[in-house]
Amino acid sequence: MTDVTDLLARIIAFRNISAGSNLPMLDWIEEVARPYGMTARRFPDPTGQKASLLLTLGPEVPGGVLFSGHTDVVPCEGQAWSADPWTARVENGRLIGRGSSDMQGFLACCLAALPALAAKKLTRPIHFAFSYDEEVGCTGVWDMAKWIGASGMKPRLAVIGEPTEMHVANAHKGGLIGWCKVKGVPGHSSQPDKYVNAVMIAAEVIAEINRIRDDMRDGPHYAAATPPWSTIQVNQIRGGLHGNIVAEDCEFFWEMRITPGSPPDSDLAVLERMKAFARTLEPAMKRISPEAGIEFIVQARIPPLNPVSDPAILREMLDLTGTQQPLTKSGGTEAGIFTLQGIPALVIGPGDNSQPHQPDEYVEIAMLERCIAFLDRLGDSCTA
């Protein structure tokens, strides 16, 4: 194994799923970075069990570049892995393991590039920004991104290392995700009109969401996205206790994805339409019991990534990666969160976009080496 594969194998072994603590991984990353004189800052979550980590190399002045990645991965339960997903293995030029593509391969590349980056005569900083809880809605990066944007050493560019096969992606949809919880009134199913059936009410709200989904096809389009319109759907639902009891509770998970370039707060307008429909159902529910009702809970809001406005930055990244035209990613990333802080962002990382969250997830070792070379060349821009 080369240095980068050794590093990636160590990272995978932390088993850093979103439900657990990432602090042991951060302790190890800081240990790896310490000999190079990097300044470390942590941004803990409210429980103190997770944190985002910002490592800074070079002078703390405006400009420079930021390399960003998330430390968490999705679980492996229920997937048909051919071997232990937490023990990296190399087969046919590929490193296989959970997170190898999404996106711990990029973290390993950052650490592998560190010796060469630290040897440069930097006049502007290079930052590593490693977040938590990206996989549950990009919720962990916000405090760190806001601090960086207001710190007085705002980078000229953030590179988010999600898998793009080292091509440049300059746009993706945004997202708004959450739960709808319906509180009904239970009773014997032989007399349903005396009670409030939470499952049936939830079904009416879901039907409205399906109508919104149809209407979105006629809304704003972004030709490079797939599909080119915004979407909304329901992916989880649970409720009811027994077949002959009117359901007292029901909840379902909804998610929407909004095209780049849509009017500001388009996602919130859709949420308001959902809430407005729910309000038309509540009077009949509350006539039976004032405790009955419908509640919407937003779990996370992921801003879209709009194309970078500076053509020089885009041209620079296309040249460095050998990309002919920028791509549009199908899934969301933390990039839009950095752009909200006034930091231009692009998505460039090793790995095939078909691999994230899959059994036997892999990354091509040659792709990792390409990424390290890219990081090193981009680091040269911080020496002039």
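Details
- Each residue of region 271-285 is assigned a 3J(HN,Hα), and the resulting list reads 4, 5, 5, 4, 5, 4, 5, 4, 5, 6, 8, 5, x, 5, 5 Hz, derived from the Karplus form 6.51 cos²θ - 1.76 cosθ + 1.60 (θ = phi - 60°), x at Gly and Pro.
- Residue-averaged 222 nm ellipticity for the chain, from DSSP H runs of 4+ at -39500 (n - 2.57), nearest 500: -10000 deg cm²/dmol
- What the phi angles of region 238-254 give under the Karplus curve with 6.51, -1.76 and 1.60, with θ = phi - 60°, is a coupling list of 8, x, x, 10, 7, x, 10, 10, 4, 5, 7, 9, 7, 9, 9, 9, 10 Hz, glycine and proline written as x.
- Each other residue within a Cβ distance under 10 Å of residue 330 adds +1 if Lys or Arg and -1 if Asp or Glu, for a net charge of +3.
- Selection from 71, 298, 83, by position along the positive dipole direction of the chain (Cβ): 298
- Structure-derived Rg and Dmax of the Cα atoms in Å - corresponding label in (1) 21.4, 80; (2) 23.1, 79; (3) 20.5, 67: (2)
- Cβ crowding within 10 Å ranks 107, 320 as 320, 107, fewest other Cβ atoms first.
- In this structure, the pairs whose alpha-carbon distance is over 19 Å, taken from 181/286; 146/329; 146/275; 121/146, are 146/329; 146/275; 121/146.
- Sequence of 73, 61 once ranked by neighbouring C-beta atoms within 10 Å, starting from the fewest: 61, 73
- Exposure proxy shown here: for 103, 256, 200, the number of other Cβ atoms within 10 Å sets the order, fewest to most, as 200, 256, 103.
- 5 angstrom amide H check on residue 299, placed H, neighbours 5+ away: 177, 178, 179
- Size of electric dipole in the chain: Cβ of Lys, Arg +1 and of Asp, Glu -1, about Cα centre, debye, nearest 20: 700 debye
No lab work stands behind these numbers, since they all come straight from the coordinates. As the structure is a computational prediction, the values presented were derived from the model and not from experiment. Reconstructed Cβ throughout: ideal geometry from the backbone, glycine too, with neighbour counts over all protein chains shown.
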